[in-house]
Amino acid sequence: MFYIRVKGTKNQFMSKDNLYEITSDLSKAASYQRQVHAVSRKQAYKASLGTIDRSTKKFEIITEEVARYGLASLN
């Protein structure tokens, strides 16, 4: 599984219910079987910002092991 984590944090993830919501609960975090799907979700978030403040959170794609145990990120 792949998760989308807020860059620079250990336990803040993109919520599966709301593109702009952050959760620290992995059961409520967006998770994907394939990395390409997580990348698509991350790109959809960026594209949806439009005129919203550009200082919004930056995300990184990580594996389930990283999400659970806090190891290095993929990108």
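The values are calculated or read from the model by the stated rules, or taken from the named source; none is laboratory data. As the structure is a computational prediction, the values presented were derived from the model and not from experiment. With ligands, DNA and RNA removed, areas are computed over all heavy atoms of the protein, side chains included. Shrake-Rupley method; radii C 1.70, N 1.55, O 1.52, S 1.80 Å.
Just a few scattered comments:
- Percent carbon-and-sulfur accessible area, the chain, ignoring ligands, DNA and RNA, probe 1.4 Å: 49 percent
- Estimated vicinal HN-Hα couplings, Hz - segment 4-11 in sequence order (Karplus 6.51, -1.76, 1.60; Gly, Pro = x): 10, 9, 5, 4, x, 10, 9, 9
- Residue-normalised accessible area of the chain, given per residue in Å² at a 1.4 Å probe: 64 Å²
- Viscosity 1.306 mPa s, 10 °C: Kirkwood-radius Stokes-Einstein D of the chain over Cα pairs, µm²/s: 130 µm²/s
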